[in-house]
Each structure stands twice: as structure tokens, then as C-alpha cells.
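First comes the structure, then the notes that go with it.
The values are calculated or read from the model by the stated rules, or taken from the named source; none is laboratory data. Just so we're clear, the structure is a prediction, and the values are computed from it rather than from any experiment. Methodologically, a virtual Cβ is constructed for each residue, glycine included, from the backbone with ideal geometry; neighbour enumeration extends over all protein chains shown. Areas reflect the complete protein model, heavy atoms only, side chains present, ligands, DNA and RNA absent. Shrake-Rupley method; radii C 1.70, N 1.55, O 1.52, S 1.80 Å.
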Amino acid sequence: MPRLHGFQKKELLDVYRKMVTARRLDEKMNTLIRQGKSFFHIACSGHESTQLAASCNLKSGEDWAYPYYRDAALTLGLGVTSKDHLLGFLARKDDPASGGRQLPQHFGDKDLRIVSQSSPTGSQYLQAVGTAQTRKWEGKKEVVYVSSGEGTTSQGEFHEALNWASREKLPVIFHVEDNEYAISVHISEQTSGGSVYSMVSGYQNLARYNIDGTDFFEANLAFQKAVDRARKGKGPTVIISNVVRLFPHSSSDDQRKYRSEEDLKTDKKRDPILKFEAACIEAKSISQKEFEKIQNEVNTLIDKEAEWAEAQDHPDPETALDFNYAHTPFPEETPFNEISDKVVLVDAINHALSEEMERNDKMVIFGEDVADPKGGVFTATRGLTNKFGKDRVFNSPLAEASIVGTAIGMACAGWKAVTEIQFADYIWPAMMQIRNELTSMRYRSNNMWSCPVVIRVPVGGYIHGGLCHSQSIDSYFMHMPGIRIAYPSNAADAKGLLKSSCRMDDPVIFMEHKGLYRQGFAATPEPDEDYILPFGKANVVQEGEVLTIITWGAMVQKSIEAVKKEEIGEGIVEIVDLRTLNPLDEDAIAVSVKKTGKVLVVHEDNLTNGPGGEIAAIIADRYFEDLDGPVKRVASADSHVPFNWFLEDEVLPQTQNIQTALKDLLEY
């Protein structure tokens, strides 16, 4: 029998079976929702042809996929089974995508290289670019597929991803499945000129195809060309598939509220399954009876598999907290072997990075202005591009979401991305990537994927930096499960903690106080390249029996100065430098609190909702009987940090503030 557009009959029947399976799963899942057996569903109906065309051209388990929630047919084409879909929909323990942790249609499969999907629209684009960048570095001819609906192209991260991918000529296929509605908002109200195809025309090295996504054969041709182009190193492609949304946006939506009956009827005439049947019947490749036979087989199979899935176990409630973090232990502390009598903190950072780059060929460093000859605005990365090359230490675009988003994709592909956000004050564009992607990757994939990215962030004030170069961000990230936090007060600790960060299997926010970079009091003897300082191990800076100061970062030195200026004798005040804020060394806190009975927490972040409030609550909850006075706090005022130095002094905690609190608490 002659081929139809290059497809043998067996291949056409397989494509059709997957189309019908995807459609039947949509129907069955909506029935199960009405029966109260699950609570949410997003359909792929109307998108099946273009998704299966994509899967036909990808190498399952070799190429990479960052799908979006409407890509059920794509995942079936890549090897996810209908049983797997039903387990995810019913949130059962053996759901391979997330073990019941995520909403339905949040796909993921490590073996198939389908990277765990989150709920935000568009955040997957930068991650796909990061993975594609590693494929280029490794010289692999692998392709990275990433998709969304047309509404998501309004997100800035979509354009950041196009910019990075086209500049680097990366092997990415951007698939925009345009059904004209972002929930209820029509593309005419969403996109300039009502055309994504026109909107993306300005990117160099970017190929574009605007296709009828309900026509499997037309879509297949576009994906053939895009995949071939990617494998040959010619760069990325955007494919805009014009499709129809035959179901509402989700099971929580009723599209009859904003779409006319005529509009819905018109969409049904473009049903991709009907179009596929018609093309095959017209070409005399497949008969109507053969199609009906497959439909009946699929209907029976899905009903049977749904019953099977309902009978499977739910996750054990005791596992609810599993996999927020890696279960592997922190790197162990090593002896302090001195190699020089003095190193300032910023140079210790530089040396740690250099040593870890020597150790790990898959470690890269990037961020704004980090490459030579600049070497970072604080020179923390100076000389590293010259030493390791511009492929391993390089400048990113001026886009914080791009920095973190691509780093996630690199980490998913097995690379160690150590990034720099130039100032903590500008980390906020990356917060979607950090909070909803980076920190949740391990948890949401049930330990299938991990993202051990390191984000170095200069923080804090006292440099006359004004509102947007003085911010402390401790409390924002202490509240965030899934990410470790280091905040060293001196050069040796900075080196040991950063080297530990580069070897850990969890993401890390590494806070570096700008005011400590070259301060003499933060300088220390330098440990050798083998020095490792584990997270969660506080340092008792000075011992005392009457009162404990718990602090970290730049406040360690201010606490030391306050004790000296108050002329408090030796053995009275104990100063505990936490070193890391996640995890906290609660054992060290307990030992000191039980010994002294009085506690002052000193930190630079705001007083209200600051880290001191949480530490004080832990102490009051667990060690109340050991206290001889209230747990006091010294922190920044609940204010922005002004530029004028006299005003700045009023906002940021000063040595005198600590002195006053010490005196009050000692006299209590």
C-alpha cells in the first residue's frame, strides 16, 4: 500500500489510536470529576494532531520536552501510558509524574526526559533554553521541545527565552498552540496585531512556521523541518499551531459564558480527529470500519484502566513532607589547613569558585557583568573567564528571570550552574522561577528531578546604596521551603560554605554582604582547596554565661563592637554566628539558651516578619522554662533604606542599638 505523506498504514493507525486515547481520556476524566472522584482537569481535545506530529519527530528518551498542561497527546506520543495519565489524574501514589503531589496534567517522566512541569504559564521556556544550552556545550544533536498556549506569549519570559535561544542558535522548538483563548480572553485582546507569528519576527536566527495545527500532515511537515534545523545547529524555531479548544479551559470553566454557540460549532468542524479520518479515508489508506474498531478498543481499555487506577493506593500521609530537600547528607567538615595569613571575603569567594571549577567540569558561572575583563561589579569573578574560558564563565542578558530560569534547565541536564544576581534588590524578576520552579522541582516530581543551582547574591546596606542597593532579603527566603541559605560573616566561612554549596544537591541562596567584601575585620587566614564547611553548623564567636546574642552576616561584627563599647567583661555575653539560615543550627541555639537564659537576636532585615521573629518563636516555644527574660530583637526599622547617610543610620541597626538592648536585657 502506498504511503500517505510518508507514513505507512501501521504508523497512521498508531497515530490515530493515540489521538483517540487522548480524547477518550479527556471524556473519562470529566466523567470522573462529575462523580466526585477527582477535582480538576485540563483537556487537550482539539490539539491532538499537532502534538502527535511533534512527538513523531522527537526521539523519546533522547530529546527533551518541557510541555504545558494541555499536552496530554504529546506525552502519549512520547511514551507516557494512559494508565500513567489516570494515576496522575486521581493523585495516586504510583503516579510517575509526581506521586499525587501535583494537579492533573502536570506531566513529568525522567526516563522519557519530560521535565517536571509546574503551574505558572511560561516559566518553562527559559528552562528549556538552559537545557538546550547544555546540549550545545556537550556537542549533542538533541532537541528541546517547549510549548504553551498563545496567551502565555504575553509573558516577558517567553521573549527572554527567544532572545537567549536565537542569540546562541540553540536547538529549541518553541511550540505555541494557539486556540485563540487564554481562558476567556481572545487573542485580539491579548496580542499585538492578533498574531504571535508576526510578533516574534524580529529575532535573528529564529525560524517561524504558522500552520493549521488541526491538520496532522501539515504539522508533521513543520516539525520535520524544525527538528532537522535544530539537529544541524542552525538555531531555534517557533511553530504557531492554529488549533481549536473543544473543551472549556478547564473543568472549572464554562466557555458558554463567553463564547457563542456558533463559535463553538465552527470549532467542532475543525476537529483534528475528524480531519485525520477524512484524509486517510479519502486516500484509501484506512477504512471507516478500521477507525471504529480502534475507537471501540480504546473506549473499552480506558474504562478498564480507570477502574484499575481507582483501586490503586493513595500516597501515605506520612510522606507529605518528603523531598522538600535531598535526603543525602551535607558535605562533611574538613580540617582547616591555612595557605595564607589573610584573605578578604570577596577574594575568598573568588578562590572558592576557581577551585570548584577545577574540580567540576560541568560547573558554569554566569550573571550580569561576571565575565572578564569586568569580573563582576565587586570583582568576585575576576580572572575566571580568562582561566576557564567564555563558555564556562560568561555574561548573561540583563534579565534576572533568564539567569535563574536557564540555570534550572542546566541543572535538570546534569550541570552545576552557579549564578550571580548582581544586587539582592533586583532578584525580584526571578522570583517566579525561584519560588514556583527551583524550590519545588524535587518535591513536585517526587524526587525524580532536582535543581542544585547556586544563586550568589550581594545583600545588605551600610554602603550608601539607597533604596535599591541596600536591601536585606533573609526573611523572604527563610519562608520558602526547598532552598538552603548561607550568610557568612567572614572570609574563611564564605569559602567553606560556598565550596559546600557547589557540592550540594539542593538549591542554595548564597548571601554575601557587600559591606564585608573588603573589610579588615571580615578578613581571615585562608583555608586550602579541600576546606568544606557544612550547612547548619553555627560558630560560637565568643563564649559567655549570662546572655546570648544570636546573629549572622555583618551583624556579627557590630555585636562584637557593642559588647566592647559597653565594656562588658569576658565570660558574660555569648555571640553565636549562625552562618546558615536554612538549616538553622537549633542545637547550638538550644545549648546557648540553656546556658545563659537571656537572648538577643540581631539581624539587618526588617524587624516585622524578620528572621528574628521566627528564631524568638522557636526559643519561646521550646526553651521557655530556660529563659530568664524576654527574647529581644535588634533589626532594621520597617522602612525603605534612604540614600542620605544620616537618614540611613536611623533605619539600619547600629552598634548603639545593640548596646542599648544589651544593657536593658542584662539589667532585666
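What part of the accessible area of the chain, given as a whole %, is carbon or sulfur when the probe is 1.4 angstrom?
Heavy-atom surface of the chain belonging to carbon and sulfur, 1.4 Å probe: 48 percent.
When the chain is fully extended, how far beyond the present Cα-Cα distance does SER195 get from ASP638, taking 0.36 nm per residue of separation?
154.9 nm
Translational diffusion coefficient, Stokes-Einstein: compute it for the range 358-478 using the Kirkwood radius over C-alpha pairs as Rh, at 20 °C and 1.002 mPa s, and state it as an integer in µm² s⁻¹.
It comes out at roughly 143 µm²/s.
Run the paramagnetic zone check for TRP137: 7 angstrom along Cα to Cβ, then residues of the range 414-431 with backbone nitrogen under 18 Å.
Answer for this model: 414-421.
Given a 1.4 Å probe, how much area per residue of the range 1-68 is accessible, in Å²?
Here the per-residue accessible area is 40 Å².
Tell me, rounded to the nearest percent, the portion of alpha carbon pairs in the range 428-482 spaced more than 13 Å apart.
Value for the range 428-482 (Cα pairs over 13 Å): 67 percent.
Just the accessible area per residue of the range 70-209, please: how many Å² with a 1.4 Å probe?
32 Å²
Greater than 26 Å separation of Cα atoms is the criterion. Which listed pairs, LYS232/LYS390; LYS10/LYS289; LYS537/LYS565, meet it?
The answer is LYS537/LYS565.
Per residue, how big is the convex hull of the range 323-425 when only Cα atoms are used? Give it in Å³.
Per residue, the Cα convex hull of the range 323-425 comes to 143 Å³.
Report the Cα centroid-to-centroid distance between the range 347-410 and the range 639-663 in angstrom, as an integer.
34 Å
Calculate the spin-label point distance for LYS9 paired with PHE646, positioning each point 7 Å from the Cα along the beta-carbon direction, and give it in nanometres.
Going from the PHE646 label point to the LYS9 one covers 9.3 nm.
So, in nm, how far is label ASN447 from label ASP111 when the simple model puts each one 7 Å beyond its Cα toward the Cβ?
My value for the distance between the label points is 1.8 nm.
For Cα pairs less than 8 Å apart in space and 6+ apart in sequence, what is the mean separation divided by the residue count of the chain, i.e. the relative contact order in percent?
11 percent
Do me a favour and compute the ellipsoid semi-axes for the range 147-236 from its Cα gyration tensor, root of five times each eigenvalue, largest one first, whole Å.
Semi-axes (√(5λ), whole Å): 22, 17, 10.
With the contact rule set at Cα under 8 Å and sequence spacing of 6 or more, what percent relative contact order holds for the range 23-164?
Taking the mean separation of contacting Cα pairs over the length of the range 23-164, I get 23 percent.
Using only alpha carbon positions, build the gyration tensor of the range 498-562, then give the equivalent ellipsoid semi-axes as the square roots of 5 times its eigenvalues, largest first, whole angstrom.
In descending order the semi-axes read 24, 16, 13 Å.
Work out how much length ILE183 to LYS387 would gain on full extension: take 0.36 nm times their residue separation and subtract the Cα-Cα distance, in nm to one decimal.
In short, 68.4 nm is gained.
Relative to the Cα centre, what is the charge dipole magnitude of the range 346-438, using +1 at the beta carbon of each Lys and Arg, -1 at the beta carbon of each Asp and Glu, and rounding to the nearest 20 debye?
Magnitude of the dipole: close to 180 debye.
Taking the mean number of other Cβ atoms within 10 Å as a proxy for protection, how do you rank 42-53, 104-115, 396-407 from highest to lowest?
Going from most to least packed, we get 42-53, 396-407, 104-115.
Provide the three semi-axes, in whole Å and in decreasing order, of the ellipsoid equivalent to the range 431-545 as defined by the square roots of 5 times the Cα gyration tensor eigenvalues.
The equivalent ellipsoid of the range 431-545 has semi-axes of 26, 20, 13 Å.
Mind ranking 594-607, 381-394, 192-205 by how tightly packed they are, going by the mean number of other C-beta atoms within 10 angstrom, highest first?
Averaged packing, sorted descending, gives the order 594-607, 381-394, 192-205.
On full extension of the chain, what length is gained from VAL540 through ASP263, given 0.36 nm per residue of separation minus the C-alpha to C-alpha distance?
Length gained, VAL540 through ASP263: 92.6 nm.
Roughly how many nanometres apart are two label points built 7 Å out from the Cα toward the Cβ at ARG34 and LEU467?
With each label point 7 Å from Cα toward Cβ, the separation is 5.5 nm.
Hey, how much of the P(r) for the range 254-298 falls beyond 17 Å, as a percent of Cα pairs?
Result: 50 percent of Cα pairs exceed 17 Å.
How do ARG270, ARG23, ARG518, ARG256 rank by accessible surface area computed with a 1.4 Å probe, from largest to smallest?
Output order, biggest surface exposure first: ARG256, ARG518, ARG270, ARG23.
Would you mind working out the magnitude of the charge dipole of the chain relative to its Cα centre, with +1 at each Lys and Arg C-beta and -1 at each Asp and Glu C-beta, to the nearest 20 Debye?
2880 debye
If you wrap a convex hull around the Cα atoms of the range 523-593, how much volume per residue is inside, in Å³?
Convex hull volume per residue, Cα atoms: 101 Å³.
Going out from 0 in 10 Å bins, what whole percent of all Cα-Cα distances in the range 1-144 drops into each bin?
Going out from 0 Å in 10 Å bins, the range 1-144 shows 12, 39, 33, 14, 2, 0 percent.
Binning at 10 angstrom from zero up to the longest distance, how are the C-alpha pair distances of the range 402-464 distributed in percent?
All Cα pairs, binned at 10 Å, distribute as 22, 49, 21, 6, 1 percent.
Once Rh for the range 178-320 is found with the Kirkwood sum over Cα pairs, what is the Stokes-Einstein diffusion coefficient at 37 °C and 0.692 mPa s, in µm²/s?
173 µm²/s
Report the one residue of ALA407, SER396, THR379 whose Cα lies farthest in the direction of the positive end of the charge dipole of the range 328-410 (charges on C-beta: Lys and Arg +1, Asp and Glu -1; origin at the Cα centre).
The listed residue farthest towards the positive side: SER396.
How would you order 533-542, 125-134, 8-17 from highest to lowest mean count of nearby Cβ atoms within 10 Å?
Highest mean packing first, the order is 125-134, 533-542, 8-17.
Estimate the FRET efficiency between ASP587 and LEU627 by the formula 1/(1 + (r/R0)^6), using the beta-carbon distance for r and 22 Å for R0, to the nearest 0.05.
0.80
Hey, if you put +1 on the Cβ of every Lys and Arg and -1 on every Asp and Glu Cβ in the chain, which of ASN179, GLN659, THR524 ends up farthest toward the positive end of that dipole?
Of the listed residues, the answer is ASN179.
Say the dipole of the chain comes from +1 at the beta carbon of Lys and Arg and -1 at that of Asp and Glu; which of ALA588, SER148, ALA492 then lies farthest toward its positive end?
Going by the Cα projections, it comes out as SER148.
Taking the Cα centre of the range 511-668 as origin, sum charge times position over the Cβ atoms of Lys and Arg (+1) and Asp and Glu (-1), and report the length of that vector in debye to the nearest 20.
The dipole of the range 511-668 has a size of about 240 debye.
Restricting everything to alpha-carbon atoms, can you work out Rg to Rh for the range 545-660 with a Kirkwood hydrodynamic radius?
We get a ratio of 0.97 for the range 545-660.
What does a probe at ALA311 reach in the range 3-37, counting residues whose amide N is under 15 Å from the point 7 Å along Cα→Cβ?
Answer for this model: none.
Given a 1.4 Å probe and the protein chains all in place, what does the accessible area of VAL185 round to, in Å² to the nearest 10?
Accessible surface of VAL185 is approximately 50 Å².
Given a cut-off of 19 Å, name the pairs among LYS9/LYS269; LYS136/LYS374; LYS558/LYS632 whose C-alpha atoms lie farther apart than that in the structure shown.
Table pairs above 19 Å Cα-Cα are LYS9/LYS269; LYS136/LYS374.
Take the Cα radius of gyration of the chain and divide it by 2.2 N^0.38 Å, with N its residue count; two decimals is plenty.
Its radius of gyration relative to the 2.2 N^0.38 Å reference: 1.09.
Determine the per residue accessible area of the range 231-274 with all protein chains present and a 1.4 angstrom probe, expressed in square angstrom.
Here the residues of the range 231-274 average 52 Å² of exposed surface.
Sorting ASP587, ASP506, ASP84 by accessible area (1.4 Å probe), largest first, what list results?
From most exposed to least exposed: ASP587, ASP84, ASP506.
Where Lys and Arg each count +1 and Asp and Glu each count -1, what net charge lies around TYR181 among other residues with Cβ under 9 Å from its Cβ?
0
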